[in-house]
1. Restricting attention to the range 330-345, which residues are of a type in the set (A, V, I, L, M) and either without any contact (Cβ under 8 Å) to a residue 12 or more places away in the chain or crowded, with 17+ Cβ neighbours inside 10 Å (or both)?
2. So, in the range 273-284, exactly how many residues are away from the ligand (no atom under 12 Å from the Cβ) and surrounded by 21 or more Cβ atoms within 10 Å (Cβ to Cβ)?
3. Could you list, ordered by first residue, the pairs with Cβ atoms under 7 Å in which the first is in the range 299-313 and free of Cβ contacts under 8 Å to residues at least 24 places away in the same chain and the second is β-branched (Val, Ile, Thr) and part of a loop (DSSP other than H, G, I, E, B), at least 6 apart or interchain?
4. Report yes if some residue within the range 293-307 is away from the ligand (no atom under 16 Å from the Cβ) and surrounded by fewer than 17 Cβ atoms within 10 Å (Cβ to Cβ); otherwise report no.
5. Return a yes/no flag: does the range 183-197 have any residue that is surrounded by fewer than 21 Cβ atoms within 10 Å (Cβ to Cβ) and within 24 Å of the chain's Cα centre (by Cα).
6. Restricting to the range 181-218, count the residues that are touching a residue at least 60 places away in the same chain (Cβ under 8 Å) and out of contact with any strand residue (DSSP E or B) (no Cβ under 7 Å at 6 or more places or on another chain).
7. In the range 1-27, which residue that is over 22 Å from residue 148 (Cβ atoms) and of a type in the set (Lys, Arg) is surrounded by the most Cβ atoms within 10 Å (Cβ to Cβ)?
8. Those residues that are hydrophobic (A, V, I, L, M, F, W, C) and under 15 Å from residue 172 (Cα atoms), I need them from the range 199-247; list them, please.
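Any read-out appearing in this document is the output of simple, stated calculations on the displayed coordinates, not a laboratory observation. If you're wondering where the values come from, they're calculated on a predicted model, not measured in any experiment. Cβ sites come from the backbone with ideal geometry, for glycine too, and all protein chains shown count toward neighbours.
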Amino acid sequence: MNKNILILRNVRMNGELHDLTIDEDAGIMTAIGQTNEKALPTARIRTEDACGLHYMPAMTDKHIHLDKHFLGEPWKPLQPFVTLPGQLAFEKAMLTSLPTNALERARRMLLLLLSQGTTSIRTHVDIDPVIGLAHLEGLLQAKSEFAGRMDIEIVAFPQQGLLRSGSIPILKEAMRAGADYVGGVDPAGLDQRVDASLEAMFEVATEFGAGVDMHLHDPGHLGLYTIGRFADLAEEAGLAGRAAVSHAYCLGQINEAKQDRIADKLRASGVAIITSVPIDRPMPPVGRLLDASVDVFVGCDNILDAWSPFGNGDLLARGSRLAEKEGWIVDEDLLRVAPLIGAAALTPKPGDAASFLLVPAMNPMHAIASAPPREAVYTRGRLVGGRWHEDRTRARSASGTEHSLS
Ligand SMILES: [Zn+2]
């Protein structure tokens, strides 16, 4: 059978123009550099000119919610955040008023993320005794529908508080049903029993051989104590590389000596920090953590939901915000962002998945600093986003051959 080969000419990387040869059936890049089309005699070959657009690897969003946004809905005014229990009740009421279910909302968000170059995600899905597994089931269906385009890790997230809402049994059901990670939230602020809440998370993780990713908004030394205990339990459970604390605002509220001590502990226990790069509150000292060899990742978190009207799912813009917030202006500092948002190395090699973006930028530093529009987004050799994709969708629509991409 003839292979389908796409040759993208004049793709900029490392200051030079290259041809990218893509096996569209296998979804991988087979050659980077000049291509001899005669060496591909049994292939159906298409050639396109990237006209000097710059290559960037596809991105990984390590913290996003697919099930609770209002994308595609009429505008919903929010209320000021007064207390966490009050906010949780407000969110519950808003979600139950939506005409869509979690599957429909997940599809909308996944298409938005793909269109901007994110091809793998870790998503937190609400579970509790009232909604049960309804949201998780929608997400599992979405995961199956988007297989091959979007890699999805699912965290079972007891948004109402693991102990506070009596969610341990439903958490176990979620793990049985196919969630990948155990979630948790504010062992002090919500559950008001730090050790018991943390121990419950790790007991469930151990029972199901899963990792743990906990939301932590608890401030100052309360949060610091919680992270220390989390790291101890992760080490005891052998979860190095599979345990993460999301948000961890408290790390931005303590002095540098304490930051260094907790960074050593995080590195030793293999616990990662995941940040949405907030600009309205303290955030973890990302440069300091990286200097201490702690794993750090970035996610967009909430987008247009009961918690925040902000955000658009553009992880490249979020990485740019990180560089700006950290004051990273020299080249080597700007490049620190790349592995925090990238799903692969800046320079591909033959055999890599053909998942990448093409952007108008001089080099990766410029792309990170400017977060330019996506001209093209490919996931496993398939064009799924950017202006090229929009133009072709419009053209197909005009010729009456449009088919659903969802
Ligand atoms: Zn979150």
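1. Matches in the range 330-345: 330, 334, 337, 338, 340, 341, 343, 344.
2. Of the range 273-284, the ones away from the ligand (no atom under 12 Å from the Cβ) are 273, 277, 279-284.
From what's left, surrounded by 21 or more Cβ atoms within 10 Å (Cβ to Cβ): 273, 277, 283-284.
Counting residues in the range 273-284 that are away from the ligand (no atom under 12 Å from the Cβ) and surrounded by 21 or more Cβ atoms within 10 Å (Cβ to Cβ) gives 4.
3. Partner pairs satisfying both residue conditions: 311/303.
4. For the range 293-307, residues away from the ligand (no atom under 16 Å from the Cβ) and surrounded by fewer than 17 Cβ atoms within 10 Å (Cβ to Cβ): present.
5. Within the range 183-197, none of the residues are surrounded by fewer than 21 Cβ atoms within 10 Å (Cβ to Cβ) and within 24 Å of the chain's Cα centre (by Cα).
6. Going through the range 181-218 one residue at a time, the tally reaches 2.
7. Ranking the qualifying residues of the range 1-27, first place goes to 12.
8. Narrowing the range 199-247 to residues hydrophobic (A, V, I, L, M, F, W, C): 200-202, 204-205, 208, 210, 212, 214, 216, 222, 224, 227, 230-231, 233-234, 237, 239-240, 243-245.
Result: 200, 201, 202, 204, 205, 208, 210, 212.
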